[in-house]
Number of protein chains: 2
Amino acid sequence: MEKIFYPDSVVVIGASERPDNLAANIIGNLREFDYSGDIHAVGLQRGEVHGIPILPSIEALPDGVDLAVILTPAATVPDLLEACGKKNIRRAVIESGGFAEFSEAGRQLEDQVCAAARRWSIRFMGPNCISVVNMENGLCLPFAPRLQRQAVKRGNVSVLAQSGGVSITYLLMLSEAGLGVNKIVSMGNKTDLDEVDYLTFLLDDPGTEIICVHLESIEEGRRLMELAASSQKPITVHKTNTSQASAQIAFSHTAALANDDRIVDAALRQAGIARAASFDDAVALAQGFALPPVQGNDLVVISRSGGHAVMAADAVEASGFCLAPISDDLLTSTRSLSRADVIALTNPLDLGTIFDFELYARIVEESVRALDPDALLLVHAYHGDNFENEMSRRLACRLREVSRELDKSVAFCVFTQSEHIKVLRQEMNYPIFTEIEAAVRALAASRDRHARPPRLLPLPPPPDQRPHEVDGVLARDGVLNTDIALGLCDAYDIPTAEWAVVDSVDGALVVAGVLGYPLALKLLSPEVSHKSDVGGVALGIGDPEMLRAEFTALLARVEERAPDAQIDGVLVQRMLPGGREVILGGKRDESFGPVVMFGMGGVYVELLEDVAFRLAPLAREDAEEMIAEVRGSRLLHGVRGEPPADVEAVVEALLALSRLLVECPEVAEVDVNPLLVFEQGAAAVDARVVVKRQKT
Amino acid sequence: MEKIFYPDSVVVIGASERPDNLAANIIGNLREFDYSGDIHAVGLQRGEVHGIPILPSIEALPDGVDLAVILTPAATVPDLLEACGKKNIRRAVIESGGFAEFSEAGRQLEDQVCAAARRWSIRFMGPNCISVVNMENGLCLPFAPRLQRQAVKRGNVSVLAQSGGVSITYLLMLSEAGLGVNKIVSMGNKTDLDEVDYLTFLLDDPGTEIICVHLESIEEGRRLMELAASSQKPITVHKTNTSQASAQIAFSHTAALANDDRIVDAALRQAGIARAASFDDAVALAQGFALPPVQGNDLVVISRSGGHAVMAADAVEASGFCLAPISDDLLTSTRSLSRADVIALTNPLDLGTIFDFELYARIVEESVRALDPDALLLVHAYHGDNFENEMSRRLACRLREVSRELDKSVAFCVFTQSEHIKVLRQEMNYPIFTEIEAAVRALAASRDRHARPPRLLPLPPPPDQRPHEVDGVLARDGVLNTDIALGLCDAYDIPTAEWAVVDSVDGALVVAGVLGYPLALKLLSPEVSHKSDVGGVALGIGDPEMLRAEFTALLARVEERAPDAQIDGVLVQRMLPGGREVILGGKRDESFGPVVMFGMGGVYVELLEDVAFRLAPLAREDAEEMIAEVRGSRLLHGVRGEPPADVEAVVEALLALSRLLVECPEVAEVDVNPLLVFEQGAAAVDARVVVKRQKT
């Protein structure tokens, strides 16, 4: 990977003297960015671009070229890669489009590219990408014409983007914001190297301190999240392609498939990644991460205007920060600094009619020292004549010093003309926010990352031994009968309502004698997925007489409505009074692996999608947080005078379900619906398990 | 009001030669903005500020001054206003702070100010404000120092802000955005003139085409909403002060009180107002309103990059737009324009490797002509060398022409360096968006305003005649007994479960003979607000024997648990099987008047706050939309195989409740909880009514 970002020499393949030749743009950009290595060009016709002679073939190159950059029609790429291999070039960047993202024929070409790469041990970026900008050595490989070196600021933020256009926009916006850029990667189709490879590289890259990721699809979600969770560097992810409409364009764009966005959300949070909702949001988050870490919830807000202070207070409450009270000391010292005694000294502190910006810096410093908050936000506004510009520049310098000396996030939000903002940003090496809500959000993201470290447990290998009932049950694909599914729950200590399987009325009566009444009867049949649709359920059976009648009636109904169904017996189940319904679910996500879901039972919650997701395995805290996250779960704590239900039993059941998913890779889906939660304990009443063994 | 915005002469009271004198800043700003009228100054010490001599008293002024601008300590203001009155000055702007927003003594001063104003028929702005900027005549009255005329662009957007600092930020941001400003009003404490007065003025003001409102409190919500609903000019409202923390600062800031934010939301939508969430959002909304109206949901998105297109598609889906398919004609003509045949021609249209910006304009024009969408979004990105700047400027010109010629919103979103954006914005008189999500949101706000006109029915005067039962019932303040409350519902055609009041078992048996079983018994007592707490409820009474027993037991329980309670009888109510629970509510909001609420019944919905609000009176469509807005209401349409419930009966009940609230101003609160909805019809089972007659 090092040789992709730091090659000593590059060959651009596909160059020509035609004015619209895209490969020539690459050479132009390498020149513009002062690439420090050797540049070669290969093309069909001899000639020269940007002072580099065009060689007629790869064979004609000198030995020892580190990196091939290919921008030729897709159909030519497999042979070119083959030629690179022969020439001992082991790294390639394939910028050409027209592969899997475009057509089935393109997909086949992509396979041929892979074969050639394997044959010659070539690692490659793309295809369908604009690849790399490395501000450290001037390696600027996008084929976009006329990139401007002077528009780009070198800094310590690196970008990993699926889309080329998006990566260039990040390049521009991070430069505009004064943060600067270290490396940009546009990944394209990710046929060989993918986000995991690039992220691994950037995490170890000394020049990179903050990583902004843009993704339209996440294929190796689990590996990516584990990598991110172990990162010392803050990461933002701008995950797009969340709608049906965009899934279509994303597919034609970079062959991306849509992920379940709720799982993406959960996974990112578990991995300690801040999710960006837009470019502006991503930049604001990166600005927040460029400040010292926010370690807690105490925030001080200082503002030149009460109106801005009110907006800040709204944002503060929405972000879960607290506005700590102003201490008497600070009050006294602030009043002594200012003559403006018509201003109420509260937090937010409204500086109102104080026009001396030097005082602001002193009040900020006093506040940080006296109150020791976790962060401070100063909302500044000025109209931008020379005097105020100079005073504001000094103010920014002082704030930066205070922030660094005291190792505190001092966020500076400025309202003035854009040209003054730009000057501040380019000069300061200190983030300047331009929207109150964005500043508060950035501080909150820093707090979320630093006050609570990511908690994503590694997925352990399959165990040597599992409960002895399990192996046989999971040996065949399909939907398990309810008794088998409940048995699997039992085996993993998810409590179930007592049950037994019978094949006759007499058997049922015997079981009833043991379990006691009331009872439920449920048909067991592999062909019938909705038992109640064929009359295969009877509830509330109170005595032996009723049991006899209902048992016979049930079989008669099923015989009539589903005469061909194979009947594997009847489940006799104890019905338990009371209990609040919850739902536990699990599935094996293609990208993220085992995922656990929790929700309250009943039809409302389905409609309102009031559910929580987590990647398994769960820690106890994860299970607790999932329950707390579901708004309806306050029902478990007892509302309207009800006694609280056994939340601990739900936690245990979630942990048990997590173990089941982790230890049984054959389980593709599991639903425990409902789990009844009592004042003491809980019991699964129904369960559904889909087995789908992975190909080996 | 005209004379406040267009005075021929102004006196600034409180001026001095001291360098930190704030009133002097006002004179400086009038000079900077080339105010076209006469300027006078009054102060304690003679002298001169910005070339204007300081007169020692108001009496010393020439006759016929139109407007007094007062910036002196609060305690001096009542006498100064008195002096203005004597001098025949009938308009004042009081910028001083230290009134009701600051202390109780300040509140008393404010009362004295009002008294003086009444005595002399003076209308005034403020106090505690920075008042007015009028770009048409250079009337620039804020006391902020050094406002820069060159930083402000004159345009057709006017701003009505509660906060002075906020109004200045709007001045700056609207100018930055190239929209320009016509008038700015900072209202302060709104002691005399308030948002309704200013809005009335701006709605008739020829220079104002778009109105941006900032409010921390809405005191006369109803009048403001009725005014806005009748407006031909688009209005945005940036309502802050939504959190507990901000309510405190807002109070000290401009004496604002918090409104119920859910009611604010509903009211703004009914009035056709777009709610802004931040400065950036307000500016984006105003930009959208500066384009031709969006009349429907069909949107075409064209982008230079697939990555941007995906983001746009995400935003499009979230905003309820549709991406209409590209027609074959357009496909053919676009392909013929470009050689880039590896680009899939879909909507969003990804221009990919086309680098000729002139083609973009042609493709946009072709798209608008061929597809006739309701709006088009072009996402442009460039790196900003001279060539691309010039080409982009031409592109913007062409888009503006296409937009105007074809009377279609063509939204132009540009990613490039801020200085190039600024140039485009200042030159073009055409909105340039800088974030995809903001552009789509702005188009959506235009659609919401123009595709569906505001529907806010006027509040009629109290009727001459009401149902004859009503007047007696509402003659006394307090909580009505359940039977009276149900009777009120009956009188307004909200259906109720059949019931009667009895005072003995024998009476109950007679009623039961008429109503039939099963029945419920409910204690009627003014002292007991929660009947079930004292055992005052019995349900599921199935026969006369049970009725006897339960009636006696109920009275015994109440005798024991609430021995002193006055018992007004027992309600015997028919219990109806089945039915889905919904809740209807109504209240008289201090600011917005009668408000109707709808939600699904049950404990979940309370937890999840899945409810809808509307200002009464409701139109039938309002009631229907309220029901649709509540996510859980899909239950009424039948889920899990249930038959649909009688939604029409709910609509009728909501309309009836709306009538009740409108015709009975004495009703402060009403809850119909639950209303049971059956396959045919509905019935209120319980109702609670709070009477609070308004002071006359």
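The values are calculated or read from the model by the stated rules, or taken from the named source; none is laboratory data. The model shown is predicted, which means the values in this text are computed figures rather than measured ones. Backbone-built Cβ (ideal geometry, glycine too); neighbour counts: all protein chains shown. Each accessible area value is taken on the protein alone, full model and side chains, heavy atoms only, with ligands, DNA and RNA left out. Shrake-Rupley method; radii C 1.70, N 1.55, O 1.52, S 1.80 Å.
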Buried accessible surface, B vs A, both sides, probe 1.4 Å, in Å² to 100, equals 7400
Which of A:233/A:692; A:531/B:522; A:531/A:692; B:3/B:233 exceed 30 Å between C-alpha atoms? The answer is A:233/A:692; A:531/B:522
Shielding of B:379-387 by other chains, given as the mean Cβ count within 10 Å, works out to 5
Residue separation between residue B:590 and residue B:543 times 0.36 nm, minus their alpha-carbon distance, gives in nm 12.1 nm
Checked against a 29 Å limit on the C-alpha separation, the offending pairs among A:153/A:239; B:239/B:587; B:87/B:153; A:408/B:183; A:153/B:422; A:183/B:408 are B:87/B:153; A:408/B:183; A:183/B:408
For chain A, longest principal axis from Cα atoms; helix A:195-204 axis from its Cα atoms; angle between them, nearest 10 degrees, is 60
Dividing the mean separation of Cα pairs under 8 Å (6+ apart) by the residue count of chain A yields a relative contact order in percent of 9
Sorted shortest first, the nm distances from the residue A:200 label point (7 Å along Cα→Cβ) to its counterparts in the other copies are 7.3
Label points for residue A:464 built 7 Å along Cα→Cβ; distances to same position in the other copies, nm, shortest first, come to 9.6
In region A:8-113 the accessible area split gives carbon plus sulfur, as whole percent at 1.4 Å, a share of 47
Counting only backbone N atoms under 17 Å from a point 7 Å out along Cα-to-Cβ of residue A:506, the residues of region A:513-540 in range are A:513-514
For region B:375-468, the accessible surface attributable to carbon and sulfur atoms (probe 1.4 angstrom, ligands and nucleic acids excluded) amounts in percent to 53
For region A:11-112 the mean separation of alpha carbon contacts under 8 Å (6+ apart) over residue count, i.e. relative contact order in percent, is 23
To the nearest 0.05, the calculated FRET efficiency linking residue A:629 and residue A:576 through their beta-carbon distance, R0 being 22 Å, is 0.25
Computed over chain B: longest principal axis from alpha-carbon atoms vs helix B:328-337 long axis, angle to nearest 10 degrees, is 30
Along region A:668-680, Karplus-curve 3J(HN,Hα) (6.51, -1.76, 1.60; θ = phi - 60°) to the nearest Hz, with x for Gly and Pro, reads 8, 9, 9, 10, 10, 8, x, 9, 8, 10, 9, 4, 10
Among B:638, B:601, B:616, the residue whose Cα sits farthest towards the positive end of the charge dipole of region B:598-696, when +1 is placed on the Cβ of each Lys and Arg and -1 on the Cβ of each Asp and Glu, is B:616
Taking the chain alone as reference and the full protein assembly as comparison, with a 1.4 Å probe on protein heavy atoms only, the residues of region B:625-645 that lose at least 50 Å² of accessible area are B:631, B:635, B:640
On the formula 1/(1 + (r/R0)^6), with r taken between the Cβ atoms of residue B:404 and residue A:262 and R0 of 41 Å, the FRET efficiency rounded to 0.05 is 0.40
Note: residue B:394 to residue B:498 extended length (0.36 nm per residue) minus current alpha-carbon separation gives 30.0 nm
Taking a ≥ b ≥ c as the square roots of the Cα gyration tensor eigenvalues, with a/c under 1.5 meaning rounded and otherwise prolate when a/b beats b/c or oblate if not, the protein assembly as shown comes out oblate
Computed from the beta carbon distance with a Förster radius of 30 Å, FRET efficiency for residue B:108 and residue B:244 to the nearest 0.05 stands at 0.60
Residue-ordered couplings for region B:505-515, obtained by feeding phi - 60° into the Karplus form 6.51 cos²θ - 1.76 cosθ + 1.60 and rounding to whole Hz (Gly and Pro as x), are 4, 4, x, 4, 5, 5, 4, 4, x, 7, 6
Over region A:114-228, with neighbouring protein chains present, the accessible area per residue in Å² at probe 1.4 Å is 24
Order by accessible surface, 1.4 Å probe, largest leading, for residues A:198, A:517 comes to A:517, A:198
For region A:16-87 the trypsin sites (Lys or Arg not before Pro) that pass both the DSSP coil test and the at-most-15 other-Cβ-within-10 Å test are A:46
Asserting the computed 222 nm helical MRE of chain A (DSSP H runs at least 4 long, -39500 (n - 2.57) per run, divided by residue count, to nearest 500) equals -11500 deg cm²/dmol
Expressed in nanometres to one decimal, the distance between label points 7 Å along Cα→Cβ at residue B:219 and residue B:150 is 4.2
Computed over chain B: longest principal axis from alpha-carbon atoms vs helix B:620-629 long axis, angle to nearest 10 degrees, is 90
Whole-Hz Karplus couplings 3J(HN,Hα) for region B:477-487, θ = phi - 60° and coefficients 6.51, -1.76, 1.60, Gly and Pro as x, run 6, x, 8, 6, 4, 4, 5, 5, 4, 5, x
Copies of residue A:693 compared via label points 7 Å along Cα→Cβ give distances in nm, shortest first, of 8.3
With a 1.4 angstrom probe the carbon and sulfur portion of accessible area for region A:636-691, in percent, totals 49
For residue B:335 and residue A:327, extending 7 Å from Cα along the Cα-Cβ vector and measuring point to point gives, in nm, a value of 7.4
Given a 1.4 Å probe, the accessible area of region B:393-500 per residue, as a whole number of Å², is 44
